[in-house]
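Novice: Below: one structure in structure tokens.
The values are calculated or read from the model by the stated rules, or taken from the named source; none is laboratory data. Because the structure is predicted, anything quoted here is derived from the model rather than measured. Cβ: placed from backbone, ideal geometry, glycine included. Neighbour counts: every protein chain shown. For the accessible areas, the whole protein counts, side chains as well, though only heavy atoms, and no ligand, DNA or RNA atoms are used. Shrake-Rupley method; radii C 1.70, N 1.55, O 1.52, S 1.80 Å.
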Amino acid sequence: MISAICKQRVFLNKGLSSICSLNAMPKRSFSDVEFREGSNSSSCEMNEFMSSTITKDEEYDIAIVGGGMVGLALACRLCSMPLTKELSVAIIDSNPALKSRVHFKKDDVPHPRVSTLTPATISFFKEVGAWEYIEKQRHAYFDQMQVWDYSGLGYTRYHARDVGKEYLGCVVENMVLCDALLSCLQENLDFQKAIHNARLASLKFPSQFRSTITSKERVQPMGDSSRVASSGNTIEPMHNGSSVKLCLSNGKNLYAKLVVGADGAKSHVREMAGLKTTGWNYPQNAVICTVEHSVENHCAWQRFLPSGPIALLPIGDKFSNIVWTMTPEESSTHKSMTRDAFVEAVNYALDYGYNSHPQSSFLDEFVHRISSLSGYGTASMAEHFQVPLKVTDLVSERMTFPLSLRHAVEYASKRVVLIGDAAHVVHPLAGQGVNLGFGDAAALSKVIDEGLQVGADIGELSLLKKYERERKAANLTMMAVLDGFQKAYSMDFAPLNFLRAVAFHGAQFITPLKRNIVSYAIGEQKWPLFT
């Protein structure tokens, strides 16, 4: 009897030793398993890489939750710098479109969801190597912009030449942006990356999964790390506080030193990390769609109406994008009206509705002449009000979504950081939301790179707070500006109408003010007031 028990103990010890030796073996890179980097792979093999079908538990340096524009932009930026390109990165998103490339035809009708990229954002895309892919698809630069309101008391025209630029911005479909960023990632074969097509089910922080060890569980030393052998014969890696456990909806478990929440306004990462937000809902919805003209549009137009602004943005060929802010009741009506009735409503809102077109006054002409003689005039100062292009047809579905302002009280906690809409949501009246998100991606990648240079832990709170301080100041400033515009132009009150007219005339004819506004709007200037 005693002999049999001894034999069993020897057998168990040998089994545990075998497990230990397996765990002591060098870990294979996930890129070696999913996608053989540096090989001459076909497009089918590329898609195998995207499917991320490897071992159950995987370890990464960074896990980006959210494979939208901002999350992909962060991954692209990380793979474009010498130090950060050595990091291993997982992208977690349930969107099936991330599994394979989407092929676009330039003669297709543009999708209603677009983004207006500033010159600063375009420079970022060029730095990471994604802009070359956008240039192969449909996009529309614009060098002029006109802003006015329904009162007919004033207007402002801006031109890229006012600040010595070739363009004020570029309008690109969101799907094209995502495809360009994915293409950029695929071309960087040396960068260790994997896309997991699943939802994030839960986050477990080091203190949480260490506390699940009971007195009945045994910890066995295994090389540089340790594993917990439970009574159910499962073995779970222990990371000594250096990693977060991500449980996915497909049953996989990942470990990462840093989790980046890029999962939008309703961020699960933010909620799971216990990061609070402040803000409010606007009594407005946005209606977006694609319309057509008889000629090509090269100007961005925005008119402030009693219920909210309407914007007409060029998207290439003879198409433009409509972003129309209105009350929820009005949005329901405009979404359900006939196509012809909607086109008529758009032309009424952009052209002949409410009041007559703004005209330059004697005082305006006088200020213009003085500025011209002094040599401080701008290219757009001499331009008179122009009537927007007439819309001839509605060529896409009409989409609506509610508007709100949200801001995370904190962008970071230990091993978790927020970027994009997960950290801040703004009103779309100036098209700045996605540009703020790309600014987050650029700033976070820079902070991570600086941390690696001094050997810091990329998940340390002190490092992440450096990113938070930089971006929170810039984001809050832009949010305050946009919210101020929303409130100032949402009231029909005679004295306020007069003050708005004064502001329009000042922006049109006071050269330093105009240049300051343009520089701040296009991302060339950090603060809005004469810096």
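Novice: Output the residues belonging to the stretch 251-267 that are over 18 Å from I458 (Cα atoms) and open to solvent by less than 60 Å² (accessible area, probe 1.4 Å).
Specialist: Hits for the stretch 251-267 are G251, K252, N253, D263, G264, A265, S267.
Novice: Mind checking whether some residue in the stretch 492-513 is farther than 25 Å from N355 by Cα, modelled with pLDDT under 85 and in contact with a helix residue (DSSP H, G or I) (Cβ under 6 Å, 6 or more places away or on another chain)?
Specialist: yes
Novice: Are there any pairs, at least 6 apart or on different chains, whose C-beta atoms fall under 6 Å, with the first in the stretch 122-133 and part of a loop (DSSP other than H, G, I, E, B) and the second buried (at least 19 other Cβ atoms within 10 Å of the Cβ), and if so, which?
Specialist: So the pair list comes out as G129/C184; A130/C76; A130/A180; A130/L181; A130/C184.
Novice: Another question, then. So which pairs qualify, if the first residue must be in the stretch 454-477 and free of Cβ contacts under 8 Å to residues at least 60 places away in the same chain and closer than 18 Å to H407 by Cα, the second must be open to solvent by 70 Å² or more (accessible area, probe 1.4 Å) and part of a helix (DSSP H, G or I), the Cβ gap must be under 9 Å, and the two must be at least 6 apart or on different chains?
Specialist: Cβ pairs passing all conditions: Y467/K446; E470/K446.
Novice: Sticking with this one: Go through the stretch 82-96 residue by residue and tally those that are open to solvent by 40 Å² or more (accessible area, probe 1.4 Å) and either part of a helix (DSSP H, G or I) or touching a Ser or Thr at 6+ places or on another chain (Cβ under 8 Å) (or both).
Specialist: Total satisfying the criteria: 4.
Novice: I need the full set of residues from the stretch 122-136 which are surrounded by 18 or more Cβ atoms within 10 Å (Cβ to Cβ), on the phi < 0 side of the Ramachandran plot and not β-branched (V, I, T), in order please.
Specialist: Residues satisfying the conditions are F124, F125, A130, W131, Y133.
Novice: Only one of C20, C76, C44 is open to solvent by less than 40 Å² (accessible area, probe 1.4 Å), assigned to a helix (DSSP H, G or I), modelled with pLDDT under 95 and on the phi < 0 side of the Ramachandran plot. Can you tell me which?
Specialist: C20
Novice: Has the stretch 97-105 got at least one residue that is among the hydrophobic types (A, V, I, L, M, F, W, C) and either crowded, with 21+ Cβ neighbours inside 10 Å or under 30 Å from L452 (Cα atoms) (or both)?
Specialist: Taking every residue of the stretch 97-105 in turn, at least one turns out to be among the hydrophobic types (A, V, I, L, M, F, W, C) and either crowded, with 21+ Cβ neighbours inside 10 Å or under 30 Å from L452 (Cα atoms) (or both).
Novice: Just to be sure before I move on: is V409 buried (at least 19 other Cβ atoms within 10 Å of the Cβ), modelled with pLDDT of 60 or more and aliphatic (A, V, I, L, M) in the structure I sent?
Specialist: No: the conditions fail for V409.
Novice: Quickly run through the stretch 106-121 and pick out the residues that are assigned to a loop (DSSP other than H, G, I, E, B), among the β-branched types (V, I, T) and buried (at least 22 other Cβ atoms within 10 Å of the Cβ).
Specialist: Hit for the stretch 106-121 is T118, nothing else.
Novice: Can you report the number of residues in the stretch 238-249 which are open to solvent by 30 Å² or more (accessible area, probe 1.4 Å) and either of a type in the set (D, E, K, R) or at pLDDT 95 or above (or both)?
Specialist: Looking only at that region, the number is 1.
Novice: Another question, if that's okay. Among residues belonging to the stretch 149-166 that are outside any loop (DSSP other than H, G, I, E, B) and of a type outside the set (A, V, I, L, M), point out the one that is most open to solvent (accessible area, probe 1.4 Å).
Specialist: R161
Novice: Among (1) at pLDDT 95 or above; (2) not in a strand (DSSP E or B), which single condition is Q146 missing?
Specialist: Unmet condition: (2).
Rundown of residues vs (1) among the acidic types (D, E); (2) open to solvent by less than 40 Å² (accessible area, probe 1.4 Å); (3) closer than 29 Å to Y282 by Cα; (4) at pLDDT 95 or above, yes/no style:
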residue: G431; (1), (2), (3), (4): no, yes, yes, no
residue: L436; (1), (2), (3), (4): no, yes, yes, yes
residue: D449; (1), (2), (3), (4): yes, yes, no, yes
residue: I458; (1), (2), (3), (4): no, yes, no, yes
residue: K472; (1), (2), (3), (4): no, no, yes, yes
residue: L482; (1), (2), (3), (4): no, yes, yes, no
